[in-house]
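What follows is a short report on a single structure.
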Amino acid sequence: MRVSAGLQSSSSGLSLTGSVLLLGGARSGKSRYAEALLANANPRTYIATAEAGDAEMVERIRLHREQRGPGWVTREAPLDLPAAIRAESGVLLVDCLTLWLSNLMEQEHDIDGATEALCAAIQRPGGPVVLVSNEVGLGIVPESSLARAFRDHAGRLHQHVAAVADRVIFIAAGLPLALKGELPK
């Protein structure tokens, strides 16, 4: 499947600058869209926040790497994402903020402090950064207090990141909708 909705790349490079927050539901095409945005960038770094805690997640990570293909430098940052962003130069793809949030909650980190540090880090001058995250606030109110806390933290995280991002794009059924700024050309 070729992903091209809203994307136009030239052989001379990428027309993407600044920071982009990509939001959408599970399997909406967020990661694929993000990878397509950065397809012609070189070098490009993929910052992964997932941890392989079980066999199913190991397989998901393997499939993600296979889908990305060669040409990506992968860094893992399950907890200190702001430091990982600051340590890199060039084009970055962060996938994903909601897994990072889950990791922070599991380790009982200061979510507000981590969010503030992330927002500062993505305003770096080193090159474009694309951040992928799951929009989890469109459904019913979760039954458990932990799930409600996660949904609430995710909503606040997204609001803060969206406020400092140059562009915010919502992905549904593989199609991009610009919420802030224009779709990349």
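Would you kindly derive the ³J(HN,Hα) couplings of region 98-114 from the backbone phi angles with the Karplus curve 6.51 cos²θ - 1.76 cosθ + 1.60 (θ = phi - 60°), listing them in order in whole Hz, with x for Gly and Pro?
Per residue, the Karplus-derived 3J(HN,Hα) values read 6, 5, 4, 4, 4, 4, 4, 5, 4, 8, 6, 7, 6, 5, 5, x, 5 Hz.
Return the long-range amide H neighbours of Lys180 (sequence gap of 5 or more, or a different chain), with a cut-off of under 5 Å between placed amide H atoms.
Residues meeting the criterion, in which the H sits 1.01 Å from N, are Val168.
Just the number: Rg to Rh for region 19-111, Cα atoms, Kirkwood Rh, two decimals.
On the way: Rg = 13.1 Å, Rh = 13.9 Å.
Rg/Rh for region 19-111 comes to 0.94.
State log₁₀ I(q)/I(0) for region 97-159 at q = 0.17, 0.24, 0.25 Å⁻¹ as given by the Debye formula over alpha-carbon point scatterers of equal weight, solvent excluded.
After summing over all Cα pairs, the log10 values are -0.62, -1.09, -1.15.
When ligands, DNA and RNA are left out and all protein chains stay put, how many square angstrom of accessible area per residue does region 23-137 have with a 1.4 Å probe? Kindly include the intermediate steps, with their values, before the conclusion.
Details: 5430 Å² over 115 residues.
Averaged over the residues of region 23-137, the accessible area is 47 Å².
Considering only protein heavy atoms and a probe of 1.4 Å, how much of the accessible area of the chain is carbon and sulfur, as a whole percent? Intermediate values should be presented prior to the final figure.
Numbers: 5100 of 9730 Å².
Of the solvent-accessible surface of the chain, carbon and sulfur hold 52 percent.
With every atom except the alpha carbons ignored, what do you get for Rg and Dmax of the chain, in angstroms?
That works out to 15.6, 51 Å for Rg and Dmax.
Can you give the calculated 222 nm mean residue ellipticity of the chain, where each DSSP H run of n ≥ 4 adds -39,500 (n - 2.57) and the sum is split over every residue, rounded to the nearest 500 deg cm²/dmol? Display every interim value, and only then the final one.
On the way: 6 runs with 70 residues, N = 185.
Computed ellipticity for the chain at 222 nm equals -11500 deg cm²/dmol.
By accessible area of protein heavy atoms, probe 1.4 Å, what ranking do Ser28, Ser144 get, highest first?
Working: Ser28 15, Ser144 55 Å².
So, going from the largest accessible area down, we get Ser144, Ser28.
Report, by chain and number, residues whose modeled amide H sits under 5 Å from the one on Tyr46, excluding near sequence neighbours (fewer than 5 apart, same chain).
Answer set, sorted by chain and number: Val73, Thr74, Arg75, Leu93.
Could you order the peptides 92-101, 113-122, 53-62 from most to least packed, using the average number of other C-beta atoms within 10 Å per residue?
Details: 92-101: 23.9, 113-122: 17.9, 53-62: 11.1.
So the order, starting with the most tightly packed, is 92-101, 113-122, 53-62.
The values are calculated or read from the model by the stated rules, or taken from the named source; none is laboratory data. Keep in mind the model is a prediction, meaning the values are calculated, not measured. Glycine also receives a Cβ, built like all others from the backbone with ideal geometry; neighbour counts cover every protein chain displayed. Side chains are part of the model used for accessible areas, which takes the heavy atoms of the whole protein and leaves out ligands, DNA and RNA. Shrake-Rupley method; radii C 1.70, N 1.55, O 1.52, S 1.80 Å.
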